[in-house]
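In what follows, a single structure is set out as structure tokens and then discussed.
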Amino acid sequence: MTGFLVRRLLNYLLLCLVATFLAYLLAAQTFDPLAVLQSRNPAPPPEAIAAKAHELHLDQPVIPRYLDWLGNALHGDFGRTVDGAPVSAELWRRVGVSLRLFLLGTVIGIAVGVICGVVSAIRQYRFTDYAITVLSYVILSTPVFLLGLLLKQAALNVNQGLGTELLRFTGEVTPNFSGGFGAALLDRLQHLVLPTLTIALGQIALYSRYQRGAMLDVLGSDFLRTAQAKGLTRRRALVRHGMRTALIPMTTLFAFGFGTLVIGGVFTENLFSWFGMGDWLVHGIGAQDANITATVTLFVAVCVLLSGWLSDVLHAVLDPRVRG
């Protein structure tokens, strides 16, 4: 199994390099970071424009610029923005925002979604199956921003009913908050509930549909009937053999779903004023900043690498055939 996991890790590292190179190449070829400076009235002197171009290394070919950026990135220096600020100073704060928001929402979504999918398959064509199916399709057909607005309205009603601001939905923390560790932690949790729930609901609806289909394929399999014929109860056969087999095709979906969610969750970030990596990517494209774009791409590639490698570990644990 070790050799299998090492080979997969090397493949993912190569894909990270390819992804960042293509993103940097595309940004460098299409962006014009000097456009704002050149459009000023009165126009700046040519010397100022040339100095800014030299500062941004625009006077170098693309490939040497990328290699220079990559070499510095390996040491934790991701260059400077078009405005001259270091990218690293903003990077780690936004990484923390995105991971707090999406990691928790994804874990909850996967866990509850798998359970709902299994229950729906076992209770096929019964009330539980119909209820989970209808709710899943309703959530999947609801745009993320509309789902978030509905949750915000529900939170307002809850706060008004309780006479206190139990659920908060603007920003990561209360502005100018002062208090001890416990109070600060509670304040963050109050701000975290609604955006996490917005993400988790979509994940639950999605994964429950896939898990239901995978579980239905297993329920009619010969090996499950054989396990029951050898004396296992239906429940033990489902837990020990059925769920384990049904989870194998889901591991890849879990992994790459998280990587794309980090950027795809920009609507959730904007709706609840959480300024993470998705929001930063939009800002970087708007500012025509190649360094921000390449840095966010690298972050997403690393997320996909780690989650993809974790899915390979789970696959190897669930399926003995890949361990050889």
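The figures follow:
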item	result
Solvent exposure of the chain as accessible area per residue, Å², 1.4 Å probe	54
Share of pairwise Cα separations in the stretch 263-309, more than 15 Å, in percent	47
The chain: most fluctuating residue of T174, T226, T133 per GNM, C-alpha cutoff 10 Å	T226
Max mean-square fluctuation residue, GNM over the chain, Cα-Cα springs under 10 Å, options L91, L151, L232	L232
Convex hull per residue volume in Å³, alpha carbons only, for the stretch 6-147	196
C-alpha long axis of helix 181-219 to longest principal axis of the chain, angle in °	50
The stretch 94-155-the stretch 1-71 distance, computed between alpha-carbon centres (Å)	38
Relative contact order computed over the chain (Cα-Cα under 8 Å; 6+ residues apart), in percent	29
Cα radius of gyration and Dmax for the chain (Å)	24.2, 87
Between 0 and 90°, nearest 10: helix 127-140 axis offset from the chain longest Cα axis	10
Surface share of carbon and sulfur [accessible, 1.4 angstrom probe, percent] for the chain	68
Hull-based mean projected area of the stretch 106-219, where the convex hull spans the alpha carbons, in square nanometres	8.7
Built amide H within the under 5 Å cut-off of R80, gap 5+	V87
R123 versus L104: modelled label distance in nm, points set 7 Å from Cα along the beta carbon direction	2.9
Degrees, to the nearest 10: 104-122 long Cα axis against longest axis of the chain	30
W69 accessible area, 1.4 Å probe, all protein chains in place, Å² to nearest 10	10
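The values are calculated or read from the model by the stated rules, or taken from the named source; none is laboratory data. Just so you know, these numbers come straight off a predicted model, no measurement behind them. All Cβ positions, glycine included, derive from the backbone under ideal geometry; neighbour counts span all protein chains shown. Just the protein is used for accessible areas: all its heavy atoms, side chains included, with ligands, DNA and RNA removed. Shrake-Rupley method; radii C 1.70, N 1.55, O 1.52, S 1.80 Å.
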